[in-house]
Every structure is written in structure tokens, then in C-alpha cells.
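Here is the structure we will look at, set down as C-alpha cells.
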2 protein chains.
Amino acid sequence: MLFCDIGNSNANFLEDHKYFTLSIEQFLEFKSEQKIFYINVNENLKNYLKSQKNFIDLEPFFVFDTIYQGLGIDRIAACYTIDDGVIVDAGSAITIDIIANSIHLGGFILPGITNFRKIYAHISPRLKCEFNTQVSFDAFPQKTKDALSYGVFKSIYLLIKDTAQNKKLYFTGGDGQFLANYFDNAIYDKLLVFRGMKKIIQENPNLLI
Amino acid sequence: MLFCDIGNSNANFLEDHKYFTLSIEQFLEFKSEQKIFYINVNENLKNYLKSQKNFIDLEPFFVFDTIYQGLGIDRIAACYTIDDGVIVDAGSAITIDIIANSIHLGGFILPGITNFRKIYAHISPRLKCEFNTQVSFDAFPQKTKDALSYGVFKSIYLLIKDTAQNKKLYFTGGDGQFLANYFDNAIYDKLLVFRGMKKIIQENPNLLI
């Protein structure tokens, strides 16, 4: 079975246990005879996807309790896998969603780590540098590289900690593993969004016919 | 007396009690017969400023105790005004510096609020919107505008709060007043950097001759 989660910069595929990523340009060249069960948040691709006969949009099948207006289907899919906890999807943006008793309590958004780097470089050439992923949170930084890294990583850390309180944390996305390391009792699950999509197939087995 | 604090996007002037801002383009057109006491962090303007006879660089006169490598002279000037506390300069970047017993303990950097908006718009057209400056920190957001605002403002707030502990907070810069409102016992001083420059003149009265 072939699943596809389409974002703004990439399309992630899962075929059985094989995971691969295509850029949007590569994705537009991708051809398959198989049914492709997909979700998509990329506005530019909506019409293209409708025109592809073997692409099946799973979005209409998600029944999800929230009052959040315009919650992205990738966030819904990830939330669909848990009854209680906080989900952090750390990609080009970092989305944080809070679930209690299978109800979505709300969520918020930060820039992704790579995009923090881009914005620093845009502000000043003096702020253009790699992050120090080992920067200590226990001493104030003494050089620019650490000053930028501390600002980004500690502000993300504190906001997630403040949100989680005693809830379980589920991380996914390209920087999910890195951020999960800051927390005890955090789970990193690269395939969280795909698990939500698979749950839809289980709930709607006639989609396979 | 004419003071000038030159950054990456603007040059701020103080003439007696008159404060005004020029863009870098406007600054390059600006002519005066007076002595202009300046500090500058804009690499592109270093040679230009050296060629201007009435521009006097105050940077060499700051005697400042820090082990921080490459601390910007604008940050030094602001820190020069206090013996103890935390200084937050919220402009195109937000710099946070910690002083105890007239010693600089270190500091760190976040993107400025306007630049957070730019980076969201860059990530996705769905994330392009104004911030809600009234967003509540006490309930999880239920729409994109609030989700972005909560992410930015609360992460900045938590990191400054974590830094300050019981120290006094001094805010300056274009977004300084807005951020100061989140804290009790915070001082907003638009002219903090200029106060540091004036202190140099007091310590070196022969500069006026």
C-alpha cells in the first residue's frame, strides 16, 4: 500500500515499511500504477492532485473533534493517532497540538529550525552561521553561534515544556528526534502522520477496493 | 550634541531631546556640519564612516568587562548604562544581555518580531498574516493567526522570564515597549543605547573639543 503526505517543500511516501521523500519538483514527475492514499497541505497542488485518477484524498474521512479553524490535515492525521498528549511536528514549521480525551484543545506554530537559520542570515551577515546543537542551557552564551542556538533551542524547549506539563510528548518531523532529546518521557515517531492515515484505511476498508 | 546609533536597517539619531530615524539610504544622504558621535554595527558602512571627518566613533572608548566574543557595540552601549539586570533590545533581532555587578555574564539572540512574520510568510502562504498582539497565553489558540502569535510571543516571553528570575528588566528597541508590557517591574527606555553613548562623553570630556 502506498501512502503520501504532501507538504510545502516535500512529499513523504510510505510503501509498506519503505519511507522516502521527494521534492515537490520530483513529486510532479512521480508516476505509479498503484493507488496512492494521500493528504496534502500544499495549495499549489490541489488541482493537480484532483486530476490524478490513482490519487485518493484521505482528508474527507478524518472525523476529528476540534474548534480550531483551518487545522492542517497533516496535523489532524498526527493527532488522530493519540487520545491524550502533545504532538510536536518539527518540519519547515513546528506545530504543537494538545489532545485530551480524544479532543483537540488547540495548538500553535513556531518556525522550523532551518527557517530560524534563514531568518538570522537575512537579518545580518554577522548572524549567518550553523547552530551549535550541543549548546548548554545552564550557562549564558559567550559567542554569536551559541547566542543564536540558545535563543532558538531554549525558546522552543521552554514553550513545549510549558505546554506539556505532565502530558506525554510525541515528536515527529525532520527535527523531531533532535527536539525529543531535550525531554524525558518523549516519544519520537517518524511515521506518526502515516499512522493516522493507516487508521483511516482500517476504519474505511472499502477504500482498498 | 548629535548622537547616532547605526544598525543594519536604520540609523537612529538623538539631537538634544529630539529623536529621529533614517533608513540606511537616507543616512548616506545625510549631511551635517556638527560633530556626530556614533556607534555602528553595519559592516557595509565601516569604510564610509571612516572617510567622514565629522563622524566620531565612540566604540574605542567603551571599557567593558565581558568574555563574550564579538559583542555588538550597540549591545555594549546599552549594557554600559546598568550595573545589574537584564537588557532586552527588541529590533530586527532581539538581543538579551545579562549584567551582574557591572560584569556581562553573557547573552543570546532571537529574531525580531517583524522577522518572525517574514519567515512565516516564507514558509507557506497559509502562514502569512498579521499577529494578534492581544493573544491570550492562558488558552490554546484556535486559529492560525493566534497560533502564530502565541508561538512567537509566548516563546519570547518564557525565555526572557527564565533569564530574568528576580533581576530587573530593561527594554529598548522598536518592539521593546510591547514586550515590556508582559512583565511587572520592567522598564522601557527608548534611549538606552544613547545613554551609554552619553556616559562615554561624560567620561571623556575632551571628545567635545
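The values are calculated or read from the model by the stated rules, or taken from the named source; none is laboratory data. These numbers come from a predicted model, not from an experiment. Cβ: placed from backbone, ideal geometry, glycine included. Neighbour counts: every protein chain shown. The accessibility values were calculated without ligands, DNA or RNA, using every heavy atom of the protein model including side chains. Shrake-Rupley method; radii C 1.70, N 1.55, O 1.52, S 1.80 Å.
Remarks
This table checks each residue for (1) touching a residue at least 12 places away in the same chain (Cβ under 8 Å); (2) more than 14 Å from chain A (Cβ to nearest Cβ).
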| site | (1), (2) |
| --- | --- |
| B:LYS35 | yes, yes |
| B:ASN47 | no, yes |
| B:THR66 | yes, no |
| B:ASP74 | yes, no |
| B:ILE82 | yes, yes |
| B:ILE109 | yes, no |
| B:ILE113 | yes, no |
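- Selection count where residues are without any contact (Cβ under 8 Å) to a residue 40 or more places away in the chain and part of a loop (DSSP other than H, G, I, E, B), scope the range B:50-64: 5
- Annotation for the range A:92-100: at least one member residue is charged (D, E, K, R) and in contact with a strand residue (DSSP E or B) (Cβ under 6 Å, 6 or more places away or on another chain).
- Cβ-Cβ under 8 Å pairs, at least 6 apart or on other chains, the range B:165-183 side in the same structural domain as B:ILE94 (by TED's automatic domain parsing) and under 19 Å from B:PRO111 (Cα atoms), far side at pLDDT below 95 and surrounded by 17 or more Cβ atoms within 10 Å (Cβ to Cβ): B:GLY173/B:GLY91; B:GLY174/B:GLY91; B:ASP175/B:GLY91
- Scanning the range B:119-138 for residues that are more than 7 Å from every other protein chain (Cβ to nearest Cβ) and either in a loop (DSSP other than H, G, I, E, B) or under 25 Å from A:PRO141 (Cβ atoms) (or both) gives B:LYS128, B:CYS129, B:GLU130, B:PHE131, B:ASN132, B:THR133, B:GLN134, B:VAL135, B:SER136, B:PHE137, B:ASP138.
- Here B:ILE36 clears all of (1) under 28 Å from A:HIS122 (Cβ atoms); (2) of a type outside the set (S, T, N, Q); (3) modelled with pLDDT of 95 or more except the condition numbered (1).
- For the criterion of being more than 12 Å from chain B (Cβ to nearest Cβ), at pLDDT 95 or above and open to solvent by 30 Å² or more (accessible area, probe 1.4 Å), A:LYS168 passes.
- Counting the residues of the range B:161-187 that are farther than 27 Å from A:PHE116 by Cα and either assigned to a helix (DSSP H, G or I) or out of contact with any Leu (no Cβ under 8 Å at 6 or more places or on another chain) (or both) gives 4.
- Scanning the range A:139-155 for residues that are at the interface with chain B (Cβ under 7 Å from one of its Cβ atoms) and of a type in the set (Ser, Thr, Tyr) yields A:THR144, A:TYR150, A:SER155.
- Scoring B:LYS46 on the criteria (1) open to solvent by 80 Å² or more (accessible area, probe 1.4 Å); (2) charged (D, E, K, R); (3) part of a helix (DSSP H, G or I) leaves a single failure, condition (1).
- Residue in the range A:151-160 that is open to solvent by 20 Å² or more (accessible area, probe 1.4 Å), at pLDDT 95 or above and in a strand (DSSP E or B) present: no
- Each residue in the range A:55-66 was checked for being at pLDDT 95 or above and either open to solvent by less than 70 Å² (accessible area, probe 1.4 Å) or of a type in the set (A, V, I, L, M, F, W, C) (or both), and 6 of them qualify.
- Single condition B:LYS190 does not satisfy, out of (1) open to solvent by 30 Å² or more (accessible area, probe 1.4 Å); (2) more than 21 Å from B:GLY72 (Cβ to Cβ); (3) touching a residue at least 60 places away in the same chain (Cβ under 8 Å): (2)
- Residue tally, condition open to solvent by 10 Å² or more (accessible area, probe 1.4 Å) and under 18 Å from A:LYS46 (Cβ atoms), over the range A:1-11: 5
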